[in-house]
Each structure stands twice: as structure tokens, then as C-alpha cells.
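Heads up, the thing below is written out as C-alpha cells.
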Amino acid sequence: MKIAMVHGQNHVGSTCHVGRILAEKLGGEVKEFFLPADFSGYCTGCIACIVKEESLCPHSGQLEKITEALDEADVLIFTSPVYVYHVTGQMKALLDHYAWRWMLHRPEPSMFSKQAVCISTAAGGGMKSANKDMADSFFFWGIPAVYRLGFAVRAASYAKISGEIKADIDRKTTALAAKIIKRAGRVKPGIKTRAFFHLVRKKIHGPDWNEADRIYWRERGWYGDVRPWK
């Protein structure tokens with residue numbers, strides 16, 4: 001099993017620890033990235049990636065290693081501590097750069113067979129909204145199995161987390177790892193993903209839609225009977 005793990009901050013904090021605990025239970029090869037150390041660009045809003053070509057993004061060179069790891073992985077694990085009830089600015093900046101990969105535009109076919117995990121921690125609350133920030137992108141990338149783990153660790157560092165909360169982390173990561181392993185190689189998009197894909201091909205991609213996306217879909221036969229999950 002190949003795992004791509006992206007952390008929404010540079011230091012090894014509580015959220016990173018939870019991600020690593022899960023990855024260890026999954027086993028396999030792990031490629032790990034920290035933000036902003038491994039990607040520090042902020043979207044300029046030029047929309048060249050969407051209407052023309054993603055390589056025209058001024059940060060495309062810096063993004064290549066992460067994109068390659070995401071494409072090769074069986075499981076994606078994104079972790080972010082809660083900052084004002086959302087993901088970190090660094091994580092949001094990374095997700096902004098993958099707008100061109102949403103189903104509306106040019107989704108990567110391999111995403112439709114992957115599993116992904118959103119992990120967030122906070123001293124108090126905000127895990128639900130922070131995980132949603134990451135899960136939204138996972139859905140629109142086409143990933144069929146998205147899981148969310150959120151922990152109110154009530155501590156400023158992993159070392160200071162209580163034994164009770166660490167036991168809860170252990171239980172939930174063990175259960176999730178077992179589920180991911182059991183479903184490995186067997187996940188397919190559910191009705192929500194299929195319905196949105198159908199909506200894009202039948203209703204949204206009209207004659208006035210940008211040609212870069214229409215060419216991409218046409219070349220893959222998605223306007224016909226071909227589907228990325230088959």
C-alpha cells in the first residue's frame with residue numbers, strides 16, 4: 001500500500017502524530033510532505049490552470065512532487081490542526097492549487113479508486129469544519145471513500161495529551177486502518193459522485209465551457225460511455 005501524507009504545518013505536532021499513527025497501522029510506503037516547507041505558493045487567481053494548462057501556474061514546479069505522490073498513492077492522509085475553526089492557511093493554499101483537478105474541470109482518473117483521510121486536532125473545537133475543508137476537495141477530486149478523524153486533544157503538544165485521549169486515538173485509528181485495509185482495491189464511487197459526474201458531462205459542459213476541459217473529457221471518452229472508475 002502506498003500512502004501520501006500532507007501536513008498543514010511544518011512541525012511534528014499532535015495532528016502529525018495522529019496521521020503517523022494511522023499510517024503505521026496501514027503499513028506500506030509513505031511519502032510525507034510538510035507545509036509550507038514543501039509547498040509555499042499562494043494562488044494568484046490567474047485561472048491559467050483551469051482555462052489553459054496547469055503547467056502555466058507560477059508554482060507548478062514546486063507542486064510536481066506532491067502531485068506525483070498523490071497520483072501514485074492508494075491512500076491520501078491530509079492532516080491539519082484547527083486554526084480559527086478551519087485548516088491552516090498553508091493547507092488551504094495547497095488545496096487552492098488543485099482547482100483544475102475538480103470534476104468540473106480535469107479530474108485525475110486514478111482518484112476515483114483511492115481512499116482518503118482528513119485528520120484534525122484542536123485544543124477545543126472546530127475539527128468538523130476543518131475536516132470539511134479537506135473533504136470537500138477530496139470529493140470534488142472524485143475520491144470515493146473519504147474518512148474524517150477529529151480529536152479535541154485539550155493540549156498544546158502531543159506529549160501533554162492525556163492517556164485517556166491517547167487511548168481514544170489508538171482505538172479510532174486502529175478501527176479506521178482495518179476498514180481501509182479491508183476496502184483496499186475495492187472502492188468505487190457512490191451515487192453522489194456518479195450523479196455529479198453525470199451532471200458535469202450532460203449539463204455543465206455546454207458549448208461555452210472552456211475548451212481545455214472539453215478536450216480533456218473528449219479524449220478520455222467521458223462524454224460517451226467511458227467512466228474513470230471502470
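Of Ala73, Cys118, Ala130, which is farthest on the positive side of the dipole of the stretch 70-155, counting Cα position, with +1 on Lys and Arg Cβ, -1 on Asp and Glu Cβ, and the Cα centre as origin? It is Ala130. Rolling a 1.4 Å probe across the protein heavy atoms gives the stretch 1-140 an accessible surface of 40 Å² per residue. Think of each Lys and Arg Cβ as +1 and each Asp and Glu Cβ as -1; about the Cα centre, that makes the dipole of the stretch 79-164 roughly 60 debye.
Long hydrophobic helices in the chain: the complete DSSP H runs spanning 27 Å or more by Cα along their own axis with mean Kyte-Doolittle hydropathy of at least -0.5 are 163-183.
Share of the chain's accessible area from carbon and sulfur, percent, 1.4 Å? Intermediate results must be reported in sequence, preceding the final value.
On the way: 6030 of 11040 Å².
With neighbouring chains kept in place, the figure for the chain is 55 percent.
Sparsely packed loop sites in the stretch 1-53 (the GluC sites (Glu not before Pro) outside DSSP H, G, I, E and B with at most 14 other Cβ atoms within 10 Å) comprise Glu53.
Taking chymotrypsin sites (Phe, Trp or Tyr not before Pro) across the stretch 24-99, the ones in a DSSP loop with at most 16 further Cβ atoms lying within 10 angstrom of their Cβ are Tyr42, Tyr85.
With the helix formula -39500 (n - 2.57) applied to DSSP H stretches of n ≥ 4, the chain reaches a computed 222 nm mean residue ellipticity of -12500 deg cm²/dmol.
For the stretch 1-96, the number of Lys pairs separated by eight or more positions or lying on different chains, with C-alpha atoms closer than 27 Å, is 10.
Find the centroid of the Cα atoms in the stretch 151-230 and in the stretch 14-75, then give the distance between the two in whole Å. First find each Cα centre; the distance between them is then 15 Å.
The values are calculated or read from the model by the stated rules, or taken from the named source; none is laboratory data. In this text, all values refer to a predicted model and were calculated from it rather than measured experimentally. FYI the Cβ positions are ideal-geometry reconstructions off the backbone, even for glycines, and counts take in every protein chain you see. Surface areas here come from the heavy atoms of the whole protein model, side chains and all, with no ligands, DNA or RNA. Shrake-Rupley method; radii C 1.70, N 1.55, O 1.52, S 1.80 Å.
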